[in-house]
Amino acid sequence: MKDATAGDPITGLKWTRKTCRKIAKELKQKGFQIEHSTVPRLARLSGYSLRTNHKRLSRKQDDRRDQQMLYIENLRKRFSRKKQPKISVDGKKKEKIGQFRNPGRTLRREPLNVLATDFLTDAIGKASLIWRVRHPTK
């Protein structure tokens with residue numbers, strides 16, 4: 001489990017990125033008789049549970065963020081009043097790398113605290129870009 005174990009050096013909190021199936025497979029290789037469905041039960045008995053990240057950490061606030069959101073909201077309202085179509089843009093923008101909230105849960109004793117904001121300035125780096133543009137039907 002060493003290679004797939006991560007943790008917080010300050011709190012001592014540790015977790016694994018391995019799935020229950022992989023953990024069970026490794027335990028079987030070591031001579032234990034165990035099924036993958038048993039791993040979560042044993043983890044719960046040891047004080048672990050599936051946890052999501054908590055948005056509690058923060059860095060500096062961008063003064064322009066509220067202005068950007070208000071501008072987008074006003075544009076939307078203006079187009080609605082004029083009965084103009086609004087274009088929906090789904091963007092898998094570049095993923096930010098850093099202490100950001102990600103969907104999913106992992107077995108651990110305590111939730112992992114992550115940044116409360118997802119500002120690009122807080123990122124260590126970023127990866128890939130895919131866009132889809134849809135026009136709403138009338």
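The values are calculated or read from the model by the stated rules, or taken from the named source; none is laboratory data. This one's a predicted model, so the numbers in the text were calculated from it and none came from an experiment. We place every Cβ from the backbone using ideal geometry, glycine too, and count neighbours over all the protein chains shown.
Working only within segment 21-73, note down all residues that are of a type in the set (G, A, S) and touching a residue at least 60 places away in the same chain (Cβ under 8 Å). Those that are of a type in the set (G, A, S) and touching a residue at least 60 places away in the same chain (Cβ under 8 Å): A43, G47, S49. One residue stands out among those in segment 36-60 that are loosely packed, with under 11 Cβ neighbours inside 10 Å and in a loop (DSSP other than H, G, I, E, B): the one that is modelled with the highest pLDDT, which is S37.
Do we have L112 as modelled with pLDDT of 80 or more, surrounded by 11 or more Cβ atoms within 10 Å (Cβ to Cβ) and touching a Ser or Thr at 6+ places or on another chain (Cβ under 9 Å) here? Yes; evaluated as a whole, the condition is true for this residue. Just to be sure, is Q67 out of contact with any strand residue (DSSP E or B) (no Cβ under 6 Å at 6 or more places or on another chain) and at pLDDT 75 or above? It is true that Q67 is out of contact with any strand residue (DSSP E or B) (no Cβ under 6 Å at 6 or more places or on another chain) and at pLDDT 75 or above.
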